[in-house]
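Undergrad: Provided herewith is a single structure, encoded as structure tokens, for subsequent inquiry.
What follows is calculated from the coordinates using simple rules that are stated; it is not laboratory data. What you see is a predicted model; the values in this text were computed from it and never measured. Neighbour counts are summed over all protein chains in view; Cβ atoms, including those assigned to glycine, are modelled from backbone coordinates with ideal geometry.
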Amino acid sequence: MTAAIEPGAEGRLQGLRDALATCWTLLREDPARGVGGALMIFSGAISGPLLGLALAALVGAGAEGRFGAAALAGCWVAVLAVIQLTMGHFTTMVFGVLGERAILATTARLVRATQDGTTLDRQEDPEFADEMSLLRQDVFALHYVVQGLLETLAVVVQMLVTVVLLGRLQPLLMFLPLAALAPYFAGRHATELVERTRKEVEPEQRKAHDLLTLTQQPGPMMEIRLAGLSLELARRQGELINGVAARTRRAEAVAALVRTAGQVVFGAAYGLALLLVVRDAVAGHSGAADVVLAIVLARQVAVGVTQILSLTLDMQRAGKIGARMRRVLGAAREDAAMTGGTGAAPQALRDGIRLEGVSFRYPGTTRDVVSGLDLALPAGSVVALVGENGAGKSTLVKLLCGLYRPSAGRVLIDGRDLAELDAQAWRDVTSAAFQDFVRFEFPVQQVVGIGDLPSAEDAAAARRALRDAGAEGVLTELPDGLETRIGTSFPDGRDLSGGQWQKLALGRAMMRRSTVLMVLDEPTAALDAQSEHLLFERHLESARRAAEARGAIALFVSHRFSTVSMADRIVVLDDGSVTEQGTHAELMSAGGRYASLFDLQARGYRS
Ligand SMILES: Nc1ncnc2c1ncn2[C@@H]1O[C@H](COP(=O)(O)OP(=O)(O)OP(=O)(O)O)[C@@H](O)[C@H]1O
């Protein structure tokens, strides 16, 4: 999905469309301010050639001794000079405001598209991750880029007026802007060089950034410090950054040489043009006013060319932002069309969930981590999933939550393919807590409440969810109860232990009241045995209630067999396939892998 530099007329047309789309992205947030800003840019640009005319009129009237006309022309010179000098400040202010609005709106649009629209496997695709990383940087440059683009268009209009005026003085001067093509094409080539390198070094850049954020997050920072990894990580980061910087510098140096060559060609033509005008003046074919006008306008061409040359970079950049946006939003639409079932999600289960020949392979890998899996999760059952590290338990959980699409086979919800259901509607009737939960640094009410957005501020619902998660104890230790802000990024934030964070994450998963699938994927790793036991007792109580009310299924993944044995049905996964399943008693009497692992753990506890 990476866009190569698109060649040919169609590619250029698409580039123009993408650049215009980028402008629209900025202007749509406040069209009135956008139009006002554009008018300022155009009036600033056109004031240049008009200033030349006013100066020529002033010199002409002065030479002929017409004081009134000279005074009027002088006033025009002053007004146009003020416009030329000040318009830039106002446009920068207007585009600054537009930029802030566009950043917020575009970021929200991208988040909506990528969070709701794209599948997890798309988001894990390294190429897509590069596109998103570049786009996040680009969004902050949106207003500079669009302002630059409009200035380019204004300079084009300015050049047209300038050329007509020059042609009236000396027809040969009309060809002067042709010499501008040399720096123009040189500039384009130079930009492509730099942009290609930027894309090539992006994976390294991202790796360096990831290393930096890793060393700054409180969780990893502790482990890194204990393992004495800081210097090694800093060394690796330095290596990556130096490598990226060296390649970028090389590309920029080559680009600068290419641009200079283009400018030299134009410089020679400019010198020749001025010689022509002076020759006409010496021969007596024109007056002083014409010489002044020619000097001002020819200089205008030079300034215009330089501007077009530098602003062309913005124009290409705008096209690239638009193209990236098009590809990312296109990918989201493509995913939505593929996964975008429209079927309503069931509010209750009669039959249950069945996996039929389900296989799954992570993007960019060559091995199925789940292969040809058949499994039935009956309505109203409490199912435990066990297996060694890497057996595929979390992958299976994510397939059930609809976060990944199976590469083959189907997940059937009461006989209906999950792919046919509206993805968001299915997520609304699913709740899940994962081992790698997010530490939202909000007040506790929100940390828990956002598990069910419509009741995010409902204190009674948050308290009930915390009770279901066996986490009331966390609340009593906090000075302001549900209002306590947690996390250390803010001065008034309270830090929590790993287990306390995990209990809040569990509470968040318990917020939703009408789910038909409740998943706990090793959410108790940071809990002590007593807390885990309490949690599962509470969880089983609410799971039984939900099973009775609407046939809800509770699925949990755990490595603690004392917890696992509480389930109605235990499924043993090995290398992406189901190797055993049944009740605890059935599996123990079968004497297979489950029984031996259970005995091993029980012996460990006894000794
Ligand atoms: N995002 C990913 N990209 C590529 N491979 C992955 C990804 N996530 C998991 N895998 C691989 O898929 C296999 C199954 O992983 P999974 O996390 O489902 O196992 P698990 O049984 O939950 O393990 P654990 O008990 O350690 O949590 C592993 O070999 C793992 O390396």
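Undergrad: State the extension gain, in nm to one decimal, for the chain segment bounded by Thr260 and Asp280, taking 0.36 nm per residue of separation less the distance between their alpha-carbons. Each step should come with its number before you reach the end.
TA: Numbers: separation 20, 0.36 × 20 = 7.20 nm, distance 3.11 nm.
Length difference between fully extended and current span is 4.1 nm.
Undergrad: By how many degrees, between 0 and 90 and to the nearest 10, does the Cα long axis of helix 181-216 differ from the longest principal axis of the chain?
TA: 30 degrees
Undergrad: Running Debye on the stretch 360-437 with equal point scatterers at the Cα sites and no solvent, what base-10 log of I(q)/I(0) appears at q = 0.13, 0.17, 0.21 Å⁻¹?
TA: -0.43, -0.76, -1.19
Undergrad: Scanning the chain for trypsin sites (Lys or Arg not before Pro) in DSSP loops with at most 12 other Cβ atoms within 10 Å, what's the longest stretch left with none? Each step should come with its number before you reach the end.
TA: Details: sites that count: Arg350, Arg367.
Between the exposed loop sites, the longest stretch runs 1-349.
Undergrad: May I pose another question? Efficiency by 1/(1 + (r/R0)^6): what FRET value for Leu212 and Ala344, r their Cβ-Cβ distance, R0 = 51 Å, to the nearest 0.05?
TA: Details: r = 45 Å, r/R0 = 0.88.
With R0 = 51 Å, the Cβ-Cβ based efficiency is 0.70.
Undergrad: Across the Cα atoms of the stretch 438-513, what radius of gyration and what greatest pairwise Cα-Cα distance (Dmax) are found, in Å?
TA: 10.9, 34
Undergrad: In straight Cα distance, which aspartates and glutamates are under 19 Å from Lys199, not counting same-chain residues fewer than 8 positions off?
TA: Counting by Cα, and skipping residues close in sequence, Lys199 has these aspartates and glutamates nearby: Glu6, Asp18, Glu124, Asp125, Glu127, Asp130, Glu131, Asp138, Asp210, Glu239, Glu252, Asp314.
Undergrad: I've got another one for you. To the nearest Å, what is the center-to-center distance of the stretch 456-475 and the stretch 71-89, using C-alpha atoms only?
TA: 68 Å
Undergrad: Related question: Is there a quick way to get the dipole size of the stretch 438-513? I mean about its Cα centre, with the Cβ of Lys and Arg at +1 and of Asp and Glu at -1; what is the value in debye to the nearest 20?
TA: Values: 10 positive and 11 negative charges, 65 e Å.
Dipole magnitude for the stretch 438-513 comes out near 320 debye.
Undergrad: Could you give the distance between the Cα centres of the stretch 379-393 and the stretch 31-66, to the whole Å?
TA: Distance between centres, Cα-based: 76 Å.
Undergrad: Taking the beta-carbon count within 10 Å as an exposure proxy, list Thr515, Thr524 from fewest neighbours to most. Spell out each step's value before the answer.
TA: Numbers: Thr515 23, Thr524 27.
The most exposed by this proxy come first: Thr515, Thr524.
Undergrad: What is the Rg over Rh value, at two decimals, for the stretch 15-339, using alpha-carbon atoms and the Kirkwood definition of Rh?
TA: Numbers: Rg = 25.7 Å, Rh = 23.2 Å.
We get a ratio of 1.11 for the stretch 15-339.
Undergrad: Measure off 7 Å from each Cα along the Cα-to-Cβ vector at Leu104 and Ser230, then give the distance between these two points in nanometres to one decimal.
TA: 3.8 nm
Undergrad: Rounded to the nearest 10 degrees, what's the angle between the helix 593-606 long axis and the longest principal axis of the chain, both from Cα atoms, 0 to 90?
TA: Approximately 80 degrees, to the nearest ten.
Undergrad: Compute the projected area of the convex hull of the Cα atoms of the chain, averaged over all viewing directions, and report it in nm² to one decimal place.
TA: On the way: hull surface 144.0 nm².
So the mean shadow area of the Cα hull is 36.0 nm².
Undergrad: Quote the charge dipole size of the chain about the Cα centre in Debye, to the nearest 20; the model charges only the Cβ of Lys and Arg (+1) and of Asp and Glu (-1). Show your work: numbers first, answer last.
TA: On the way: 61 positive and 66 negative charges, 279 e Å.
The dipole of the chain has a size of about 1340 debye.
Undergrad: Fewest to most neighbouring Cβ within 10 Å: what's the order for Thr484, Thr365? Each step should come with its number before you reach the end.
TA: Working: Thr484 19, Thr365 8.
Going from least to most buried by this count: Thr365, Thr484.
Undergrad: Provide the percentage of antiparallel DSSP beta bridges, counting only those with both residues in the chain; round to the nearest 5. Write down the numbers at each step before the final one.
TA: Details: 19 of 40 bridges.
So the antiparallel bridges in the chain amount to around 50 percent.
Undergrad: Please determine, in degrees from 0 to 90 and to the nearest 10, the orientation of helix 126-139 with respect to the longest principal axis defined by the Cα atoms of the chain, where the helix direction is its Cα long axis.
TA: 50 degrees
Undergrad: While we're on this one: Calculated from DSSP H runs of 4 or more alone, at -39500 (n - 2.57) each and per residue, what is the 222 nm mean residue ellipticity of the chain, nearest 500?
TA: Details: 20 runs with 388 residues, N = 607.
After summing the helix terms and dividing by the residues of the chain, the value is -22000 deg cm²/dmol.
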